[in-house]
1. Suppose we keep just the alpha-carbon trace of the range 3-87; what are its Rg and Dmax in angstrom?
2. Taking Cα centroids, how far is the range 104-171 from the range 24-49 in Å?
3. Hey, what did the range 3-87 get for relative contact order, percent, Cα under 8 Å, at least 6 apart?
4. For helix 149-164, what angle does its Cα long axis make with the longest principal axis of the chain, in degrees from 0 to 90 and rounded to 10?
5. Roughly what percent of Cα-Cα pairs across the range 90-164 reach past 17 Å?
6. Tell me the net charge near LEU18. Cut-off is 13 Å between Cβ atoms, LEU18 excluded, with +1 for each Lys or Arg and -1 for each Asp or Glu.
7. What order do you get for 45-54, 67-76 when each peptide is scored by the mean count of other beta carbon atoms within 10 Å, highest first?
8. At a temperature of 4 °C and a viscosity of 1.567 mPa s, determine how fast the chain diffuses translationally according to Stokes-Einstein, using the Kirkwood radius over alpha-carbon pairs as Rh; express D in µm²/s, rounded to the nearest whole number.
Amino acid sequence: MSTADRSDADADGTAVALTVDGDQVELSVAPETSLLRALRDAGHLATTGACEQGECGSCSVLLDGRMVCSCLVPAVTCASAEVRTVTSLCAPDVADALVAHGAVQCGFCTPGFVVAIETALRTAGDRVLSTDEMHEHLAGNLCRCTGYAGLVTAALEVQRARLAAGAGRST
Ligand code: FES
Ligand code: FES
């Protein structure tokens, strides 16, 4: 379906009310519209799509607290859901650490990694993750540019700093 066709379909679509980054929104979606497409069509452009097949993780969001590939979630199933995107999840400490460790190059994967890192840190709570464990947490997200060392190092550095500050479950 072309972009024009998709827009026409969405104009006559089903109204879905949900919360995105704390704001109540109502989306008009066709049955086949993914949450990724619906978010982007509604102007939430920070969430990026690449493969749109559940392979790369760039479209990751939290859906009712659970990380999902938004390209795989039909938007019509998201009525009353709470969606958190990279927009509200990107804490300055994560952004700074990613940049400091050379983990942002083309940047296409970055929104998904920010969501994945926050999810890993929330899941771990006060438990210190090993390098291997952080690798595992981020394994669903692909980066073609950086290798993964900088991404993992940045995530571990943020975790250590937050735990030292007593804020392991922040944001
Ligand atoms: S765009 Fe959703 S996993 Fe690649
Ligand atoms: S920075 Fe380019 S894909 Fe990750």
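1. 11.6, 33
2. Cα centres, the range 104-171 to the range 24-49: 26 Å.
3. 34 percent
4. For helix 149-164, the angle is close to 70 degrees.
5. Everything past 17 Å amounts to 33 percent.
6. -4
7. Final packing ranking: 67-76, 45-54.
8. 79 µm²/s
No value in this document is a laboratory result; all are computed from the given coordinates. The shown structure was predicted, so the numbers you read here are calculated from the model rather than taken from an experiment. A quick note on method: Cβ atoms are made from the backbone with ideal geometry, for glycine too, and the neighbour counts reach across all protein chains shown.
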